[in-house]
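Okay, so here's the structure we're looking at.
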Amino acid sequence: MRYRELHRWDLNVEEAKKVQVELRRKLILQFPGIDVKTIAGVDLAFKGDKAIAVVVVLSYPDLEFLEYESHVEKINYPYIPGLLSFREGPPFLKAWKKVKVEPDIVFFDGQGIAHPRGFGLASHMGVLIEKPSIGVAKSKLFGNYSEPPNEPFAKSPLYSPGGKMIGYVVRTKRNSKPLFVSPGYLMDPENAVHFTLKCVKNYRLPEPTRMAHIFTQRLRKSLII
DNA sequence: GCGACAG
DNA sequence: ATCTTGTCGC
Ligand SMILES: [Mg+2]
């Protein structure tokens, strides 16, 4: 699959934040009513000085395995809250380049627009690969919310300090911590939650993300630093 | 200055 | 994210 090279990656904190502010104008927070037949999940693992990126493509709505691609390279950026895409973006894009089955939607393990500058990992990658994307994070980075009831499918809106609704806090499994779901690119909060829940089976994480995480750990254990 | 802080 | 074994509870 292809992607756009809109900026450099070897940037300091100030420059990286500037890129986020400049690129966020390209965001389209509306889902184009397309026919969804495939959904991809993305995740990364780390070992020593290596970053391991995995992309898994599943059929939709059956969620059957279609393709798995990975890429291993040297870690080139530290983890800085708010700048996750500069650490995980480059390895992911190289794995993405190897994908052959076209994904209609891509799930990322992190935030979409629920971000200090409205441009989290899912939004950033969505703009570069020009695909509808959704941010499915396991914890909060930005925003205010009230805890959703302890029932499967319960959800409560996530708001930015200014009062704008930027996503939903979703309970995908009883007695499990909720997920922070926000639209990345070519997506809206309602559809982001819709597709996330349609991809959930008997686990907290939606299948595309869960599968990508499993493969990422499997590859990590078979990797010799 | 202090607390928050995706992975 | 990673370091790490068992243990508690649904
Ligand atoms: Mg991850």
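Summary of computed values
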| quantity | calculated |
| --- | --- |
| Every residue from region A:144-178 that is under 17 Å from A:Ser123 (Cα atoms) and buried (at least 21 other Cβ atoms within 10 Å of the Cβ) | A:Leu158, A:Ile166, A:Gly167, A:Tyr168 |
| Condition met for A:Glu190 (of a type in the set (Asp, Glu) and in contact with a strand residue (DSSP E or B) (Cβ under 8 Å, 6 or more places away or on another chain)) | no |
| Members of region A:32-60 found to be away from the ligand (no atom under 16 Å from the Cβ) and in contact with a helix residue (DSSP H, G or I) (Cβ under 6 Å, 6 or more places away or on another chain), listed by number | A:Ile39, A:Leu58 |
| Residue tally, condition free of Cβ contacts under 8 Å to residues at least 60 places away in the same chain, away from DNA strand C (no atom under 15 Å from the Cβ) and part of a helix (DSSP H, G or I), over region A:190-222 | 4 |
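For (1) modelled with pLDDT of 95 or more; (2) under 13 Å from the mean Cα position of the chain (by Cα); (3) within 16 Å of DNA strand C (Cβ to nearest atom); (4) of a type outside the set (Ser, Thr, Tyr), each residue gets a yes or a no:
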position: A:Glu102; (1), (2), (3), (4): yes, no, no, yes
position: A:Asp109; (1), (2), (3), (4): yes, yes, yes, yes
position: A:Ser123; (1), (2), (3), (4): yes, yes, no, no
position: A:Lys140; (1), (2), (3), (4): yes, no, yes, yes
position: A:Pro152; (1), (2), (3), (4): yes, no, yes, yes
position: A:Lys164; (1), (2), (3), (4): yes, no, no, yes
position: A:Tyr168; (1), (2), (3), (4): yes, no, no, no
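The values are calculated or read from the model by the stated rules, or taken from the named source; none is laboratory data. Just so it is clear, the structure is predicted and the values come from calculations on it, not from any experiment. No Cβ is skipped: glycine too gets one built from the backbone with ideal geometry, and neighbour counts run over all protein chains shown.
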